[in-house]
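Some notes on the structure that comes next.
The values are calculated or read from the model by the stated rules, or taken from the named source; none is laboratory data. The structure displayed is predicted, hence computed values, not measured ones. Glycine gets a Cβ as well: all are built from the backbone with ideal geometry, and neighbour counts include every protein chain shown. When the accessible area is computed, the model is the full protein with side chains, heavy atoms only, and any ligands, DNA or RNA have been set aside. Shrake-Rupley method; radii C 1.70, N 1.55, O 1.52, S 1.80 Å.
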Amino acid sequence: MKGLEVPSLVSHRQLVVLLEAEGTTEPVDGQVDVEEFFPWALLQDRQYSARLPSLFFLRRPQAIGLPRGKRVRFASEEFRRRREVALAYASAVDRVSAEMETIWEWAAYARWWIPGDRRRANEAWHEVQRRYAELVREASEAYAPVREEIRQAIDAEEERLRQVLRENGLTLEQWQRRLFHPGPSQGRGNPSGGTATGGTGGFGIGGF
């Protein structure tokens with residue numbers, strides 16, 4: 001006789017590892033590239049959506065090329081605070097995911113020949129599902145203000161770029177053509193300056 005009938009789990013990618021892989025760099029010229037990431041939920045059934053609430057990767061802007069994500073303006077202290085809160089969210093999700101994976105394995109291979117093992121595994125499995133939903137929700141709520149701050153920074157940078165383009169008599173389409181197909185002496189048009197933007201005035205084409 002095998003263990004309990006439990007649904008399959010999605011393999012969890014360690015969020016702290018993903019965040020730390022981006023490094024601990026500071027903004028360049030007050031700018032940073034941000035990318036919103038939606039982790040997979042471990043359990044894919046009616047109780048859980050396919051993706052967990054998002055968090056943002058924060059990256060050092062590249063000197064050339066387009067941003068990986070969207071380029072926004074951060075002060076150094078804002079960068080550090082937002083990264084710390086993202087790491088707290090990631091750590092909470094990683095911990096409860098590891099707990100669920102452990103109990104899933106116990107439930108899936110509960111030993112029928114040990115009195116009470118299947119019953120205890122079943123109780124633990126239902127309890128960890130409840131804890132997973134609760135802890136992910138709490139961690140997401142704690143991260144929510146930072147998530148909203150970054151989204152507002154993205155919106156503000158998009159509007160700033162549109163205003164700069166209007167002041168220079170350019171449409172977005174015209175600027176895109178100049179960015180991708182500069183003339184012999186035109187270079188990568190830079191309507192508002194900045195050394196780390198690749199001529200985008202602080203916001204990469206990935207923001208549109």
Open item on the list: What are the pairs with Cβ atoms under 9 angstrom where one residue, in the range 110-133, is farther than 11 Å from residue 4 by Cβ and the other, located anywhere, is aromatic (Phe, Trp, Tyr) and in a loop (DSSP other than H, G, I, E, B)? Sequence gap at least six, or different chains.
Closed with: 129/48; 132/48; 133/48
- [ ] Would you mention how many residues in the range 88-105 are over 25 Å from the mean Cα position of the chain (by Cα) and touching a residue at least 40 places away in the same chain (Cβ under 8 Å)?
- [x] 1
TODO: Please state which of the following conditions residue 113 fails to meet, knowing it meets all the rest: (1) more than 17 Å from residue 12 (Cβ to Cβ); (2) open to solvent by 10 Å² or more (accessible area, probe 1.4 Å); (3) within 15 Å of the chain's Cα centre (by Cα).
DONE: (3)
TODO: For residue 77, work out the one condition from (1) out of contact with any helix residue (DSSP H, G or I) (no Cβ under 9 Å at 6 or more places or on another chain); (2) at pLDDT below 90; (3) open to solvent by 60 Å² or more (accessible area, probe 1.4 Å) it doesn't fulfil.
DONE: (2)
Open item on the list: Show the residue pairs meeting these rules: Cβ distance below 6 Å; 6+ apart or different chains; first residue within the range 152-173 and under 22 Å from residue 35 (Cα atoms) and open to solvent by less than 90 Å² (accessible area, probe 1.4 Å); second residue outside any helix (DSSP H, G or I) and not small (Gly, Ala, Ser).
Closed with: 153/72; 154/70; 154/72; 157/72; 157/203; 161/203
Task: Boolean, residue 173 is assigned to a helix (DSSP H, G or I), modelled with pLDDT of 95 or more and out of contact with any Cys (no Cβ under 7 Å at 6 or more places or on another chain) - done: no
